[in-house]
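Working notes for the structure below.
The values are calculated or read from the model by the stated rules, or taken from the named source; none is laboratory data. Since we're looking at a predicted model, the values are computed, not measured. Please note: Cβ atoms are built from the backbone with ideal geometry, for glycine as well, and neighbour counts cover all protein chains shown. The area values use the complete protein model at the heavy-atom level, side chains included, leaving out ligands, DNA and RNA. Shrake-Rupley method; radii C 1.70, N 1.55, O 1.52, S 1.80 Å.
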Amino acid sequence: MTEEELIDDIDLLDEESTTEDSPQLYEHLRMEVDRGQEPVRIDKYMSEHVQHSSRNRIQKAADAGFIQVNGQVVKSNYKVRPGDIITLMLDRPHYDTTIEPEDIPLDVVYEDDQLMVINKPAGMVVHPGVGNFHGTLVNAIAWHLRNLPSYDPNDPSVGLVHRIDKDTSGLLVIAKTPEAKTELGAQFFNHDTHRSYQALVWGNFTEDTGRIEGNIGRDPKDRQRMAVFPPGSDIGKSAVTHYRVLERYGYTTLVECRLETGRTHQIRAHMKHICHPLFADERYGGMEILRGERTASYKAYIQNCLKLCARQALHAKTLGFVHPVSGQQMDFTSELADDMQALIDKWRNYTRNIEMTK
């Protein structure tokens, strides 16, 4: 088993439960601590000895109870000793995550010899994971670049620079070369990129603009959801979202969100935190009727809206970065996905009809 496959396995924890519901465990990695090793935290030791790993991923596996030392579960602060046998035990057999090219259509917005910008449709998983080992964006990219000898879809030094959720539509940049990925990755890390999203959220806003700040980390009550913790907290990672009201529909609002950071589910979690969940976002409570009337006709109207756009109403609309080779500023804009545009049109018509009856 390669180190890259280990990282894929740990990433799968995002969609899986802990060992409490899965008593049978399978060994995915075994390593012995070197002789003469000084006591050091296991998350630090593993991140330094497993190529392409990260301390955060190791901590995630330890928190889920999947890292053992000498047959006993340990936390990420356990200090390793010479001769310790470290194993990664997951609640599923090892799955071959080798990325194979698949003939899946791509909406390529821009392409040159260094990078691609793609407009991802809602419903497409970006990277293989539990339940989605095929039909992903990276499988489609592998097919699109199948005749490019220098591009290996299984090489982590090329490919995706950032990700968006399965049910979020919009723009992504892909690096074709290691140099391009390193440079673009640095821009994302240093927050030098420009990204904006459009979202339809529940409720009205008092102000036209606002700023949301709060650490984002795994929700201890639901591992498939992120939660917001106080800024400066030891839990989660710092995150800042700026929003601007674009249109008001009374019970819902169309907003533009600009990210200072790029945390998992950042917009979804931050909007939930300020009591404005994204419309139709089932994981964060947006499928419920949170604002409006109690009439049967209004309930029927909302159900029709949910049929039009049966996923969180979120679109990665703009993306800007500096080209890794030419140094030129690159800015891209995409149209809203058809389902989200239809949803917004329906709310516009609803607002007009209300105003006409006054």
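Against the numbered list (1) part of a helix (DSSP H, G or I); (2) closer than 19 Å to Glu247 by Cα, Tyr298 comes up short only at (2).
Identify, from the list Leu336, Leu343, the residue that is closer than 19 Å to Ser169 by Cα, part of a loop (DSSP other than H, G, I, E, B), in contact with a helix residue (DSSP H, G or I) (Cβ under 9 Å, 6 or more places away or on another chain) and touching a residue at least 60 places away in the same chain (Cβ under 8 Å).
After applying the criteria, what remains is Leu336.
Only a single criterion out of (1) open to solvent by less than 40 Å² (accessible area, probe 1.4 Å); (2) modelled with pLDDT of 95 or more; (3) within 30 Å of Ile302 (Cα to Cα); (4) not polar (S, T, N, Q) is not satisfied by Asp208, namely (1). For segment 211-234, a residue qualifies if it is assigned to a loop (DSSP other than H, G, I, E, B) and at pLDDT 90 or above, and the qualifying residues are Gly214, Pro230, Pro231.
Looking at Tyr284, is it of a type in the set (Phe, Trp, Tyr) and closer than 26 Å to Thr318 by Cα? For Tyr284, the condition - of a type in the set (Phe, Trp, Tyr) and closer than 26 Å to Thr318 by Cα - is met. When each of Leu290, Leu306, Leu314 is tested for being under 23 Å from the mean Cα position of the chain (by Cα), more than 29 Å from Phe189 (Cβ to Cβ) and open to solvent by less than 70 Å² (accessible area, probe 1.4 Å), the lone residue that passes is Leu306.
Within segment 241-269, being in contact with a helix residue (DSSP H, G or I) (Cβ under 9 Å, 6 or more places away or on another chain), closer than 17 Å to Phe189 by Cβ and at pLDDT 95 or above holds for no residue.
Here's a check for you: in segment 181-205, which residue that is part of a strand (DSSP E or B) and of a type in the set (A, V, I, L, M) is surrounded by the most Cβ atoms within 10 Å (Cβ to Cβ)?
Val201
The single condition from (1) without any contact (Cβ under 8 Å) to a residue 60 or more places away in the chain; (2) more than 30 Å from Asp339 (Cβ to Cβ) that Val228 fails is (2).
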